[in-house]
Each structure stands twice: as structure tokens, then as C-alpha cells.
Amino acid sequence: MGSPTHPGAPDRAAKNRQTDAVVCDRLVVSYGAFEAVKGVSFSASHGEVVALLGPNGAGKTSTIEVLEGYRRRSGGTVEVLGLDPARDHRDLVGKIGVMLQNGGVYPTLSPAKLFELFSGYYPDPIDTNHLVDVFALGDAVKTPWRHLSGGEQQRTSLALALIGKPEIVFLDEPTAGVDPEGRVAIRSVVAGLAADGVCVVLATHELGEAERIADRVVIVSDGRVVAEGPPADLVSDAGGARADVTFATSDGFDVGSLSESIGTTVVKIGPDRYRVDGAASAETIARLTAWMARHGIVLNDLATARTLEEAYLEILRGERG
Amino acid sequence: MKALRAQVRAETYMTFRRGETLLLTIGIPVAFLLFFSSVKVIDTGATRPVNFYLPGILALAVMSTSMVSLGIATGFERGYGVLKRLGATPLGRPRLLAAKIITVVVVEVVQSVVLVTVGVALGWRLEGSAVAVVEAVGVALLASIAFGGIGLVMAGALKAELNLAAANGLYLVLLLLGGMVVPLGKLPGVLGTVSRLLPPAALSTALRSALSSTSDVSLHSFVVLAVWAFIAPCVAAVTFRWE
């Protein structure tokens, strides 16, 4: 998949990389007496993919909407490309791309008509044929948006966010409802954007996607940032030395007997899936696999690495006490 | 200009492809004109029924486009998040509004051509002067602003489905009270008095005067339309919620 934002244009990645495109400092957003965002701070650089994670109502969308210029802040400071999104909205809109969670697209227009319309908004839009190719919309290009599949709708929305060659892209749940093939395509586009020096800020519930595509994640809970960093760092920080061993087997066995034999508690955590409590030491793994071999039990999966999802849940549990 | 042109193209494309819009803005007015001009339902006092009904149905056409069609479409665009999404493009609200106004005018021109053609086929002839036709266009534009304001007040405050029902309900009420198919003189007491203060009655009366040689457009009609054309958009500007 080619570079979606600047086909044939000089790469500006080197020029822009690692300069702050977004600076959010102690942001507060209130709706009447309710404070939805309570001092969120983070930054995002050109060429960086930053994912905002958090449960529903955590304040992710409110934060992004302030950055997009949709919503006024109640406190703190925000800069997007050195501009104030509320005050300088007109100067900013030509430089940002936005993908809303629920589309925000004329339902009766086809991708071809939508591309034609949105091309008219920008002085130097991407060639629409290129977008059709990059987003694999050839078969659906004349189909009204409301008749497209979920994946085609998401890809069309993403293409519309990129049509003006933005320097920053805000994506709200870009892979929601998208099939695996579509996810790969969207992941590839996001990676291409970052390589071109575009800053990508996305909000998502899909932690696996965030782990795959984000350079950095910002976990927001109850209007506050509770963790921030590269996914790998968050995973190791949250787990520390006590990353659990998990394994899967469809063979039945005596959990108590295994626990006694390897000297630590084994817990069933799902259908055919188990967790060995305690540190994931080489000794534990050796004792576990030896016991399995002795009893003729086939291991389907054995993992010691934690996922971002596990780290995320642990971080949130810690926050909630 | 490029953004405005693109938006006008899209708005007119969508408007003329919506079956329900075509039914409302062209199908129903043409059907009413044909029916009421051919079947004597009410004594209008006119020498030819079409002389009474064509100005009234033109007023109905203006109302259906600038209030009902504009309001319903805008309400759904708001519900779908389209207006919110457009807010993050360089189009801007003034150009979006300008595109909608231009589209309304384009549809009204098409409606007028169709209805006048049908009217001529039914025996209608212009009796007013060229100045009177300019007056008719002027009051139609003033009424479009007033109706557009009313449509946008509802579109900006109500949920899309509720707005759809409210706009259609209001359309029916104003059709009966607006002097379009029922002469205002036939309305009882206070209902007739109230109707004369509403934009549909002011528009139908003004068009009837302008397109005939019997009277000039009354100051009363101009004032009523001007007041509504000022108040309704102002209320819409204050109350409209973009998402």
C-alpha cells in the first residue's frame, strides 16, 4: 500500500519528525457542573502514532474534540501545530484530518461523490483515483455510503480524513466494525502516514490494534491520564517482575495436583485456558512442561508475555483501588 | 469559491435524487394545482379557478422547499453527524449556509417553471405587470428566508425523526391556514386573523396580488414576511445545535 497522503511528494518526515504537533497541558473540559476531563496532559509529535485508551466516559472523545476545535476547553492550554484549536479554528481545519466514530458522512453519496465533494474543500487534494486504489474501494466507488459494508464505510471515512493532505489526523475508533483484511489495510495506511511525518492521534477501545499501530499510548480514566508510554513499556511496567505464565490445553487434568507439583497456584481463567500465579521464571516453566509431559497432556499454547490488554486492565484496577 | 461550488453541486445532486423531496416539492404541488383547478371544491370567487390556485400553489411550493425539505434534510444531516464532520473542513458554516440557500433557490426556480407551465396549460395568463413579477420574486425570496428560518429552528433543536414529523405536520396545518387552497375569507373568526399574521398567508396573498391586475402587493404582506424573515433566522442562529 502506497503513501496515502503525499503520493509523489517529497517526504517531509525528516523535517518534522519529533517536533510536537499536539500539546495538551492540564486540559479541563466541563459540561455544566460535570467535569469530564480533569487535567489531561500529553503531547504527540510529527511522525508519531499516539493512541488514547480508556473506558467509556473516560474523557477520550472530549479531549480529541477539543484538539479538533469542536469543543471549547474549560481550563488548561492546548496547541495543535502551534495554533489554538478554538481561536484559530479556520486556520487549522485545512491542516487536520478528522475521522468521526459514526462516519459523519452524507449517507446517499457514494465514495466517488464524497471524494469529489471533499476535494473541493482543499486547495491541493489527493487524486481521488489514488485514494480509491489505496483504500481498495474500486468495487464500491459508486455505491451510496449507506449501502457500503462496515469496513468500506470506515475506509471511506479514513480516506476523507486524508484527502486534504493533513499534517495531523484524528481518528476515532478507526477499526471498529472492520474485518481482518480491512484492519490490515487501515494499519498499513496509519503506518504510511507516520512514515510521511504525519501525526496520528487516535482513540480506540481495541487494545490489540493500539498495541500494533501506536508508538505511544495514553491511558485515560475518569478524566485523568493514569499511564503513558510505548506499549511495550506499559506492558512491562504494569506487570513488573510478576508476568504470569498462561497456557492452554484442551486435555482435562487435575489443577490441584499440578499446583502442588510445581509449588504455585494454577487458576483456570477461561475455557481451556489457565494461569500460573507468581513470577514467570524458567524453573516454573520447566516444572510445568515436565508435569504436562509426564501426564501426557498436550499444551496448545504457552505464554509469558503480557498483552497491552492485560496491562491496561491492571492499570485501571490499580487506579480504582 | 471552489468549496462553495462543490457544496452546491452536492446539495443539488442530493436534493434532486431524493424521491420524497421531489414528491413534496414538485409532485404534490402539481397534483394540487391540477386537482383544485379542475374540480370545484371551494368557491374561490375567481373567474378561473387556476387564477386563484396557481399563486397559492406557488406559495405552497416555496414553503415545501425552504421550510420542509430544507429543514428535514438539515435535521438528518445533523443527526448523522454530517454537520459536525463538515465543521472540521475548510468549507465553514457561512459557505454551507450559502450552498443551502442557492440550492433552495435553484429548486424554487424549477418548481416555478413547472407550475407556471402547468398553470398556462390550465388557462392561466399573467395579468400583472413586469414590475409586479419582480415584486412576486421579491416576496418569494423574503418568504424563503422566513420559512428557511422556521425549518432550521426545528432542525437545530429536534431529533431528526421528530423534526420530520413536526415539519410535515406544520406543512399540513399551514397548507390549510395559508390561503393556498382555502381562501382566507373562508376561515372562521380568530383563525383567519391569526392566519394573516403567518408567512404562508402573507406570501399567497402577495403572489395573488402580484400576478393579477386587480391589486398591488399590500404593505401588510411585506411587513409580515419581513418580520418573520428577520425573527426566524435570528432564533435559528441562537438555538441551532450543530450536533
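The values are calculated or read from the model by the stated rules, or taken from the named source; none is laboratory data. The structure presented is a predicted model; accordingly, all values stated were derived computationally and were not measured. FYI the Cβ positions are ideal-geometry reconstructions off the backbone, even for glycines, and counts take in every protein chain you see.
Here B:Leu162 meets each of (1) over 24 Å from B:Leu23 (Cβ atoms); (2) free of Cβ contacts under 8 Å to residues at least 40 places away in the same chain with one exception, condition (1). Close contacts from the range A:293-312, counting a first residue that is farther than 14 Å from A:Asp244 by Cα and in the same structural domain as A:Ser261 (by TED's automatic domain parsing) and a second that is polar (S, T, N, Q) and in a helix (DSSP H, G or I), with Cβ to Cβ under 8 Å and a gap of 6+ residues or different chains, come to A:Leu299/A:Thr289. Among the candidates B:Arg85, B:Arg93, B:Arg78, the residue that is surrounded by fewer than 22 Cβ atoms within 10 Å (Cβ to Cβ), within 14 Å of another protein chain (Cβ to nearest Cβ) and not aliphatic (A, V, I, L, M) is uniquely B:Arg93. Checked against (1) at pLDDT below 80; (2) in a loop (DSSP other than H, G, I, E, B); (3) in contact with an Asp or Glu (Cβ under 9 Å, 6 or more places away or on another chain), A:Val235 passes all but condition (2). If the condition is being over 15 Å from A:Leu202 (Cα atoms) and either within 14 Å of chain B (Cβ to nearest Cβ) or not aliphatic (A, V, I, L, M) (or both), then the range A:65-80 contributes A:Gly69, A:Tyr70, A:Arg71, A:Arg72, A:Arg73, A:Ser74, A:Gly75, A:Gly76, A:Thr77, A:Glu79. Being over 30 Å from B:Ile72 (Cα atoms) and not in a helix (DSSP H, G or I), is that true of even one residue in the range B:177-186? No: the range B:177-186 contains no residue that is over 30 Å from B:Ile72 (Cα atoms) and not in a helix (DSSP H, G or I). A:Leu158 meets each of the listed conditions (1) hydrophobic (A, V, I, L, M, F, W, C); (2) surrounded by 22 or more Cβ atoms within 10 Å (Cβ to Cβ); (3) within 12 Å of chain B (Cβ to nearest Cβ); (4) not in a loop (DSSP other than H, G, I, E, B) apart from (3). If only residues of the range A:284-316 that are part of a helix (DSSP H, G or I), closer than 17 Å to A:Val217 by Cβ and of a type outside the set (Phe, Trp, Tyr) are counted, the one that is modelled with the lowest pLDDT is A:Glu310. Taking the listed residues A:Val178, A:Val189, A:Val200, the one that is surrounded by 19 or more Cβ atoms within 10 Å (Cβ to Cβ), part of a helix (DSSP H, G or I) and either at negative phi or in the same structural domain as A:Val28 (by TED's automatic domain parsing) (or both) is A:Val189, with no other qualifying. Only a single criterion out of (1) in contact (Cβ under 8 Å) with a residue 12 or more places away in the chain; (2) surrounded by fewer than 23 Cβ atoms within 10 Å (Cβ to Cβ); (3) in a helix (DSSP H, G or I) is not satisfied by B:Val113, namely (1). The number of residues in the range A:91-115 being surrounded by fewer than 19 Cβ atoms within 10 Å (Cβ to Cβ), more than 7 Å from chain B (Cβ to nearest Cβ) and within 23 Å of B:Thr74 (Cα to Cα) comes to 2.
The residue of the range A:238-273 that is modelled with the lowest pLDDT, among those that are touching an Asp or Glu at 6+ places or on another chain (Cβ under 8 Å) and assigned to a loop (DSSP other than H, G, I, E, B), is A:Asp244.
Determine which single condition A:Val169 fails, assuming it passes every other condition in (1) modelled with pLDDT of 90 or more; (2) facing chain B (nearest Cβ under 10 Å). Here A:Val169 meets the rest and fails (2). Pairs only if they're at least six apart or on different chains, beta carbon under 6 angstrom, first in the range B:78-89 and part of a loop (DSSP other than H, G, I, E, B), second among the charged types (D, E, K, R); list them, first residue then second. As it stands, the answer is B:Ala88/A:Glu68, since those pairs meet every condition given.
A:Gly151 passes every criterion in (1) in contact with a helix residue (DSSP H, G or I) (Cβ under 9 Å, 6 or more places away or on another chain); (2) of a type outside the set (Ser, Thr, Tyr); (3) closer than 18 Å to B:Gly81 by Cα apart from (3).
Residues that are of a type in the set (Asp, Glu) and over 26 Å from the mean Cα position of the chain (by Cα) were ranked within the range A:116-155; the one that is nearest to the other protein chains (Cβ to nearest Cβ) is A:Glu116.
Taken over the range A:203-228, the residue count meeting the criterion of being more than 13 Å from A:Leu171 (Cβ to Cβ) and either outside the structural domain of A:Glu173 (by TED's automatic domain parsing) or assigned to a strand (DSSP E or B) (or both) is 11. Taken as a whole, the range B:103-115 holds at least one residue that is on the phi < 0 side of the Ramachandran plot and within 14 Å of another protein chain (Cβ to nearest Cβ).
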